[in-house]
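Worksheet for the structure shown next.
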Amino acid sequence: MITDEDVVVCPVCGHEQTITICPSVNVTTDPEMREKVLTGELFEFSCDECSFAGYAGYPFVYEDKETNGGFLIYLEPDCEDREVGIEGDIADQVIYHERPMRLVADMNALKEKIFIFEAGLDDRVVELFKVLTLAKMRDDDPEKIPDELKFTKRDVVDGEEVLVFTAFRDEELMGTLELPYALYQTCVLTGEPIWDVPITECAAVDSKWILERLGDQDGSDEETV
Ligand SMILES: [Zn+2]
């Protein structure tokens, strides 16, 4: 495990302190790190002055070289960019020219990507799945529908394979949603031309990413804001 030092500012009292951070983990060589990332333990810090406890946000690389062929996720807190180049040793590894490299801006998005790739799913298809599901729900009852879905796991309920999502509205947890895996398979066909375009950089693949590409597919030249 590689460690480094970083200065964090306590959000409560403003005290600055130097903490030891872990800028990258490779769960293939350090499998116990997976849990520490998922629980947030790896990012915890407590203030020496006021004993506030919270999470330190810093750029972080999560690598899994084995599961379903391997994947890499780069967390850059509050990142506004849609694509970044990953430099150095990691970029030289041929594996990531073939496997997903993703950019995320917060820990929940990082966790969701880990769950998606571990479940053997394509995160681009999952984003299409979420966009279509939310659009359909909006038609039913716009007042009571979630505004965000996060994938949690693949499961079997009453003999039927389902994808389980956590639903949020205004960042409040609403509950979980089980949707048939068959709908995911339909999305693979629905979005077909989109999947053929390779993603060369470490990219943010989220609802905005899929909406931009759905727009292109319709031949629309409107810019998605
Ligand atoms: Zn403090």
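Give the relative contact order (percent, whole number) for the chain; include only Cα pairs under 8 Å separated by 6+ residues.
Numbers: 335 pairs, mean separation 31.8, N = 225.
It rounds to 14 percent for the chain.
Can you give the percent of C-alpha pairs in the chain whose distance is more than 29 Å? Walk me through the numbers before you get to the answer.
On the way: 8445 of 25200 pairs.
For the chain, the share of Cα pairs beyond 29 Å comes to 34 percent.
Nearest 5 is fine: what % of DSSP beta bridges in the stretch 14-146 come out antiparallel, could you say?
The answer is about 55 percent antiparallel.
Leaving ligands and nucleic acids out of the surface, order THR176, THR67, THR190 by accessible area at 1.4 Å, largest first.
Of THR176, THR67, THR190, the descending order of accessible area is THR176, THR190, THR67.
Obtain the radius of gyration and the Kirkwood radius of the stretch 123-217 from its C-alpha atoms and give Rg over Rh.
0.98
Starting from the eigenvalues of the Cα gyration tensor, five times each then square-rooted, give me the equivalent ellipsoid semi-axes of the stretch 1-127, largest first, whole Å.
Details: eigenvalues 153, 44, 41 Å².
Each semi-axis is the square root of five times an eigenvalue, giving 28, 15, 14 Å.
Shape of the stretch 122-161 from its Cα gyration tensor (a ≥ b ≥ c, root eigenvalues): rounded if a/c is under 1.5, otherwise prolate when a/b > b/c, or oblate?
In terms of gyration-tensor shape, oblate.
Mind checking which helices in the chain clear 20 Å along their axis (Cα) and have mean Kyte-Doolittle hydropathy of -1.0 or more, DSSP H runs only? List each step's numbers first, then the result.
On the way: long enough: 123-140 (26 Å, -0.06).
Span-like helices, by this rule, are 123-140.
Cα-based count: Lys pairs in the chain below 20 Å, eight or more positions apart or different chains?
For the chain, the number of qualifying lysine pairs is 23.
Taking every DSSP beta bridge with both residues inside the chain, roughly what % is antiparallel (nearest 5)?
DSSP beta bridges in the chain are roughly 80 percent antiparallel.
Give me the net charge of ALA56's neighbourhood, meaning all other residues with Cβ under 9 Å from the Cβ of ALA56; Lys, Arg count +1, Asp, Glu -1.
Residues close to ALA56 contribute a combined charge of -2.
The values are calculated or read from the model by the stated rules, or taken from the named source; none is laboratory data. Since this is a predicted model, take the numbers as computed values, not measurements. In this analysis, Cβ positions are derived from the backbone assuming ideal geometry, glycine residues included, and neighbour counts consider all displayed protein chains. Quick note on the areas: whole protein, heavy atoms, side chains included, nothing else; ligands and nucleic acids left out. Shrake-Rupley method; radii C 1.70, N 1.55, O 1.52, S 1.80 Å.
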